[in-house]
Amino acid sequence: MSSPSLPVPHWDIFCRVVDNFGDIGVSWRMAHQLAHEHAIHIRLWVDDIALARRFSGSGHPLVTLMHWTEDSRFSQPAEVVIETFSCGLPDSYQQAMSADTLWLNIDYLSAEAWVQGFHGRPSPQANGRIRYFFYPGFNPQTGGLLREQFLPALALQAAQSPAAAWQQLALPAMPQAINVSLFCYAHAPVKALLTSLADSPQAVRLIVPESVAPLVAQTLGEKTLEAGQSLQHQQCTIVVIPFLSQSDYDLLLSLCDLNFVRGEDSWIRAIWAAKPMVWLPYQQSENTHLEKLAAFVQHYLASANDEVNAALQPLMQAWATGEWSAEHWHTFITHRDSISQHARHYADQLSEQPDLTTNLVIFIEKLRANRV
Ligand code: TRH
């Protein structure tokens, strides 16, 4: 039974920030959407509270940020507890759980086929409770993808009032240039990309978040590149921007003509932006990340025509394996219209499936129904 002093429905989400922004990025989006669209009260327990506050911005009335420390006390577990990315639940929380507490682990996203076999599986735990695996994914046999109801309005804003939307991001509109956003890891072939953009037959604006700027500065032999600075590199104007709120970052992706994204969350946001995208998976040992990439590329291109297939497959591969060259940029420019149409088509097709939070709520309802 849930504690009578907690509002109902009430869920706990646990997030451990391992590195980068993906753990908190996904956890905050999920907490916000469960509160906003499903009216669930959320306590979001995060070990890095400063980062959590940065992501939550003005917050949500139904979400309470909680600092998860060694000293945290968990006398009142919620009806549902979500562990993100196998971060583990504190022992004292596990001990305080009642037989009715439902425990889920939301795992990393992958388009690989094995995911659907593991999604929803129960795993008995030492405290006598069952922990369920909830796998995000790209088909109806998985938990689906985070996708909020506000996204179509955001896309409309970018399409109908681009000048005002750019202004919201403190950037001038540059319709004559190909606008590209660059969010990547240090192993990306940034030098080769910059060279290809410098020689581009069409003007390019490369928009670089400040966290990626040191990588660009190093490549260009600049001491520093800070938010607000810009730099002309032949045909390419490089602009460094400050870290945006998640919704402004979504808007940026909707405005750009091509988005380089990475990891877990920006990957999916680039899909919903319905613009051409190149994804860089988080680097893993034994090149496991390249298997993840291959599975996604196969899914992304399953409904693409021959032209898009032939153009995008090598391009995505080259970015992830460090083999990017001028040829890939030329390929993008030559096939840009078809690649853009495909991005739109893929997003439309994928958004016919229920989103992750809706699937989560249904999953919980089914678990409860089966217990009664
Ligand atoms: O930061 P990431 O590399 O996170 C990674 C991945 O999740 C990876 O799989 C995981 O193992 C590792 O973290 C621990 O990339 P990701 O997932 O795209 O997260 C970035 C978040 O930052 C995402 O929510 C978007 C957000 N963001 C902004 O809100 N504003 C910005 O200006 C930028 C550039 C990003």
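Here GLY221 fulfils each of the conditions (1) at positive phi; (2) within 16 Å of the ligand (Cβ to nearest atom) apart from (2).
With the condition kept exactly as written, say whether any residue in the range 297-312 is near the ligand (Cβ under 10 Å from one of its atoms) and either out of contact with any helix residue (DSSP H, G or I) (no Cβ under 8 Å at 6 or more places or on another chain) or small (Gly, Ala, Ser) (or both). No: the range 297-312 contains no residue that is near the ligand (Cβ under 10 Å from one of its atoms) and either out of contact with any helix residue (DSSP H, G or I) (no Cβ under 8 Å at 6 or more places or on another chain) or small (Gly, Ala, Ser) (or both).
Is it true that some residue in the range 69-84 is in the same structural domain as PHE133 (by TED's automatic domain parsing), among the acidic types (Asp, Glu), within 20 Å of the chain's Cα centre (by Cα) and away from the ligand (no atom under 12 Å from the Cβ)? Yes, the range 69-84 contains a residue that is in the same structural domain as PHE133 (by TED's automatic domain parsing), among the acidic types (Asp, Glu), within 20 Å of the chain's Cα centre (by Cα) and away from the ligand (no atom under 12 Å from the Cβ).
Do we have any residue at all in the range 242-252 that's out of contact with any helix residue (DSSP H, G or I) (no Cβ under 9 Å at 6 or more places or on another chain) and modelled with pLDDT of 95 or more?
Taking the range 242-252 and keeping what is out of contact with any helix residue (DSSP H, G or I) (no Cβ under 9 Å at 6 or more places or on another chain), we get 242.
Imposing the further condition that a residue be modelled with pLDDT of 95 or more reduces the set to 242.
Yes: the range 242-252 contains one or more residues that are out of contact with any helix residue (DSSP H, G or I) (no Cβ under 9 Å at 6 or more places or on another chain) and modelled with pLDDT of 95 or more.
Being assigned to a loop (DSSP other than H, G, I, E, B), closer than 25 Å to LEU356 by Cα and over 23 Å from the mean Cα position of the chain (by Cα) is a property that holds for ASP100. Taken together, the residues in the range 59-78 that are modelled with pLDDT of 95 or more and of a type outside the set (A, V, I, L, M) amount to 7. Scanning the range 241-255 for residues that are surrounded by 22 or more Cβ atoms within 10 Å (Cβ to Cβ), more than 8 Å from the ligand (Cβ to nearest atom) and either hydrophobic (A, V, I, L, M, F, W, C) or on the phi > 0 side of the Ramachandran plot (or both) gives LEU253, LEU255. Taking the range 155-200 as the range and being farther than 26 Å from ALA217 by Cβ and touching a residue at least 40 places away in the same chain (Cβ under 8 Å) as the test, the residues that pass are ALA155, GLN157, ALA158, ALA159, PRO162, ALA165, GLN168. Only one of the numbered conditions (1) among the hydrophobic types (A, V, I, L, M, F, W, C); (2) without any contact (Cβ under 8 Å) to a residue 12 or more places away in the chain; (3) surrounded by 22 or more Cβ atoms within 10 Å (Cβ to Cβ) is violated by VAL204, and that is (2). Of the residues SER338, SER351, only one is within 24 Å of the chain's Cα centre (by Cα) and surrounded by 15 or more Cβ atoms within 10 Å (Cβ to Cβ); which? Checking each option against the conditions leaves just SER351. Only one of the numbered conditions (1) over 15 Å from the mean Cα position of the chain (by Cα); (2) part of a loop (DSSP other than H, G, I, E, B); (3) under 25 Å from LEU206 (Cα atoms) is not met by ALA304, and that is (3). Screening GLU323 with (1) in contact (Cβ under 8 Å) with a residue 24 or more places away in the chain; (2) in a helix (DSSP H, G or I); (3) touching a helix residue (DSSP H, G or I) at 6+ places or on another chain (Cβ under 8 Å); (4) under 26 Å from ARG205 (Cα atoms) gives one miss only, at (2). Among the residues of the range 10-50, those identified as assigned to a loop (DSSP other than H, G, I, E, B) and farther than 14 Å from LEU356 by Cβ are ARG16, VAL17, VAL18, ASP19, ASN20, PHE21, ALA39, ASP47, ASP48.
I need the strands (runs of 3 or more DSSP E) fully contained in the range 173-269, keeping only those with at least 1 residues that are among the small types (Gly, Ala, Ser) and in the same structural domain as ALA159 (by TED's automatic domain parsing). Walk me through it before giving the result.
On the way: elements: 178-182, 204-209, 230-233, 236-241, 258-262.
In the range 173-269, the matching strands (runs of 3 or more DSSP E) lie at 178-182, 230-233.
What about PHE260, is it touching a residue at least 40 places away in the same chain (Cβ under 8 Å), within 16 Å of the ligand (Cβ to nearest atom) and in contact with a Cys (Cβ under 6 Å, 6 or more places away or on another chain)? The answer is yes for PHE260.
The values are calculated or read from the model by the stated rules, or taken from the named source; none is laboratory data. All of these numbers come straight from a predicted model, not from anything done at the bench. All Cβ positions, glycine included, derive from the backbone under ideal geometry; neighbour counts span all protein chains shown.
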